[in-house]
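To start, the structure under review is shown below, and the notes come after it.
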Amino acid sequence: MQRFLSFAKPSHSTDDAILINRAALAWAMLGRITGKVTTLQFSFELLPGTDVRKFEYIKVHHRVYDWVLCQVVEIEASHERTLCRCNVLGYKEKGKVQQIRIPFDVESEVFLADNEFIRAVIQLDGGEEGQAGAYLGKLDGKEIDVRLDLGKLLTKHVAVLAKSGAGKSYAVGVLIEEIMERKVPVLVIDPHGEYGKIGERNAEKADREAMVRFGIKPKAYAVREYGDPNSPGLTPLRLPNNLTQQELVQLIPGKLNNTQLGILYSAIKGLEQLNFDTLLLSLEAEESSAKWSIINLVEHLRDLGIFSSNPIAYNELVKSGLCSVINMRGIAPEIQQIIVYKVAKDLFELRKVNKVPPFFLVVEEAHNYCPERSFGEATSSKVLRTIASEGRKFGLGLCIISQRPARVDKSVLSQCTTQLILKVTNPNDLKAISASVEGLTSESEAEIQNLSIGTALVTGVVDMPLFVNIRPRRTRHGGHAVNMLDQPEQGFLQQRQKFEEQALLPLIKPRTTLRDRQVMSPAKVKSARTVLIPGYLFACKEREMQYNLLVDMTNGEVVVDLEDYTTAKLPETEKLTPSQVKLLKAAHVLKRSAKEQLVAKAATGLDVDDDLQDLVAKGYISYDKERREYAVTRNYILTKLSKHACFYPVQYEPIQYSTKLPPATNLDAVKGRLARFTAVLDQQECAIVTYELETQKE
């Protein structure tokens with residue numbers, strides 16, 4: 001009992017101190033050790049009327065090592081007794097968790113571990129002294145903050161593994177927020193377009209109460225999204241087209257035979273600057289007929305549209321305090337692999353020579369970019385293996401995220417010494433996790449299948465596996481699944497809008513919302529209406545360029561500005577005389593001109609008054625009587641149609657609206673008119689969302 005004296009305040013006598021200590025500890029006593037005891041495991045019989053849950057932290061006093069932290073890993077109840085099986089976690093000595101080498105005495109008392117003792121043994125504050133670690137959440141079942149050492153996190157690589165819907169991207173969002181708080185550059189490979197929302201504050205009502213409990217406030221971070229040039233809001237992703245010989249061989253789809261490799265190396269030899277254009281010219285000069293298959297492959301790479309002589313600046317992609325997201329939603333998988341290969345390889349080489357700052361690379365759906373060899377080889381596999389094994393030496397941290405751990409390259413997964421494991425149920429994936437995670441007990445492995453959404457098993461950064469309740473996001477989560485049965489709030493019905501119950505409509509929406517329009521209106525808004533206009537999104541092609549055109553089916557006109565909602569007609573050149581066509585082309589070139597200038601440019605006779613009046617009457621041109629000048633109107637599209645391409649995606653959502661207009665033009669007639677100016681590849685019916693505001697007069 002002498003050891004208990006150090007836990008009691010000084011009293012009138014030693015006997016009194018012992019009694020006080022016993023009284024203070026007895027309320028938390030759970031039972032006594034019984035049966036077989038080893039240095040790793042023991043069991044204790046739970047006292048009647050006492051409750052304890054699986055994975056609860058407990059403490060036992062050791063006659064040599066003082067207090068030792070343990071954990072309940074299984075509970076067995078019968079009519080006679082309740083037996084709790086426990087693992088010994090260790091005790092703190094010289095700043096490290098040490099394992100006991102002498103078993104506990106049988107009949108030793110078992111107590112519930114208090115929060116202070118848990119914190120003292122397990123390093124949960126993260127970072128060095130005086131520096132708070134990355135706030136991940138709270139220890140499961142405890143009000144104890146879990147903070148990870150960000151230095152270890154960024155230099156020893158991270159794997160986030162879970163089944164679909166278990167909260168992988170949400171947990172990664174929390175990690176990115178903590179990294180952004182330290183102004184460390186982050187680059188995210190985002191195949192689903194989920195991570196751009198890090199630039200928006202969390203406004204979810206469901207998270208408000210949890211944010212108060214976790215001490216979190218909404219916040220947005222600096223984000224720049226790169227992706228398809230045809231997607232609104234994204235910075236066009238353009239990669240350098242000056243390739244090395246090794247890169248070119250790696251990027252060419254399929255494997256070249258020895259003859260083809262010989263031709264390729266012969267064509268490359270002697271080129272001062274290697275790019276697609278110079279290589280194609282050199283290949284065409286080769287005499288072997290086997291060159292044509294290589295030319296086709298090189299042309300395929302060139303025509304992907306992702307390589308450019310004016311590429312993105314890598315020092316802008318990796319920048320302190322910025323999260324750069326490569327949004328590859330809608331891009332073909334084989335092109336995604338090429339993008340990951342080129343970006344990762346170039347940045348790794350630049351990091352070696354310190355031309356970009358140390359940064360954290362996040363690879364979502366990693367099984368697609370570095371698959372296990374038995375599942376095939378991706379273009380990006382080799383470079384990710386290299387970064388996993390060598391990146392930490394050069395300040396390049398890697399985060400691998402996957403819902404199929406069994407399909408991720410084992411050499412990459414094994415290099416990730418920190419793991420965040422959420423719910424996993426697939427037997428093959430569980431086996432892969434067990435093989436790659438150090439220190440994972442059989443009980444913890446079994447519990448992975450039963451984890452609730454938002455709870456993660458964290459290993460590697462701390463001395464022992466921990467179950468952690470992930471904190472709420474400061475930023476908006478972009479990984480929500482589409483809820484096909486979702487309905488808007490009932491409060492909107494007060495606006496007397498109609499709602500197509502449980503209907504997901506193909507919508508094309510402007511970036512500014514109805515509320516934005518009301519707020520930005522210079523006059524007081526009396527009423528606001530949402531109007532759906534029938535439309536078609538046409539996939540078109542001009543030469544090698546593909547683009548989308550949005551057509552208003554109430555009038556058959558092309559939508560040239562969705563935000564202000566303006567449309568323009570296609571010229572009906574078949575209804576114009578040859579002289580009128582010439583005058584119209586000349587007016588388009590001159591923009592504004594007198595009759596004499598127009599006639600000279602069109603190279604027609606002077607007797608064109610009737611033609612000009614007809615063009616004015618049809619709305620092609622306008623006439624300024626004061627200046628005596630003709631000018632092209634905006635009623636018609638007289639430039640390339642691709643200049644009026646629609647970059648707004650179709651979104652399937654339920655919507656409330658005031659009016660839904662019926663179509664008034666024939667689809668075949670519209671397609672026939674478009675076909676005179678461009679090749680129509682496909683079409684998709686949609687509803688165009690527009691807003692009408694009625695303002696009060698002053």
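Here are a few things to note about the model shown:
- Pairs with C-alpha atoms separated by more than 29 Å, drawn from the list LYS345/LYS423; LYS342/LYS393; LYS319/LYS643; LYS319/LYS393; LYS319/LYS345, are LYS345/LYS423; LYS319/LYS643.
- For region 335-469, share of DSSP beta bridges that run antiparallel, in % to the nearest 5: 60
- Ordering of 625-632, 148-155 by burial proxy (mean other Cβ atoms within 10 Å per residue, highest first): 148-155, 625-632
- Cα gyration tensor category, rounded, prolate or oblate, for the chain with a/c compared to 1.5: prolate
- Zone residues, region 354-394, relative to LEU261, backbone N less than 19 Å from point 7 Å out along Cα-to-Cβ: 377-383
- Exceeding the 31 Å Cα-Cα cut-off - candidates LYS585/LYS625; LYS219/LYS526; LYS168/LYS217: LYS219/LYS526
- Taking 0.36 nm per residue of separation and subtracting the current Cα-Cα distance, fully stretching the chain between LYS382 and THR244 would add 48.1 nm.
- The residues LYS168, LYS569, LYS92, when put in order of fewest to most other Cβ atoms within 10 Å, stand as LYS569, LYS92, LYS168.
- Share, in percent, of DSSP beta bridges within the chain that are antiparallel, nearest 5: 70
- Full extension of the chain between GLN613 and GLU209 yields a length gain of 138.5 nm, computed as 0.36 nm times the residue separation minus the alpha carbon distance.
- Our estimate of slack between SER389 and ASN115, defined as 0.36 nm per intervening residue step minus the Cα-Cα distance, is 94.9 nm.
- Inter-label distance, nm, simple model (7 Å from Cα along the C-beta direction), GLU685/ARG592: 4.5
- Over 21 Å (Cα to Cα) - which of LYS156/LYS410; LYS541/LYS591; LYS156/LYS382; LYS96/LYS410; LYS183/LYS355; LYS138/LYS197 fall in this group: LYS541/LYS591; LYS96/LYS410; LYS138/LYS197
- Two-site label geometry, ARG53 and GLN273: point separation in nm, points 7 Å out along Cα→Cβ: 6.6
Only the coordinates and a few stated rules stand behind these numbers; no lab work does. What you are looking at is a predicted structure, and each value in this text was computed from that prediction instead of being measured. In this analysis, Cβ positions are derived from the backbone assuming ideal geometry, glycine residues included, and neighbour counts consider all displayed protein chains.
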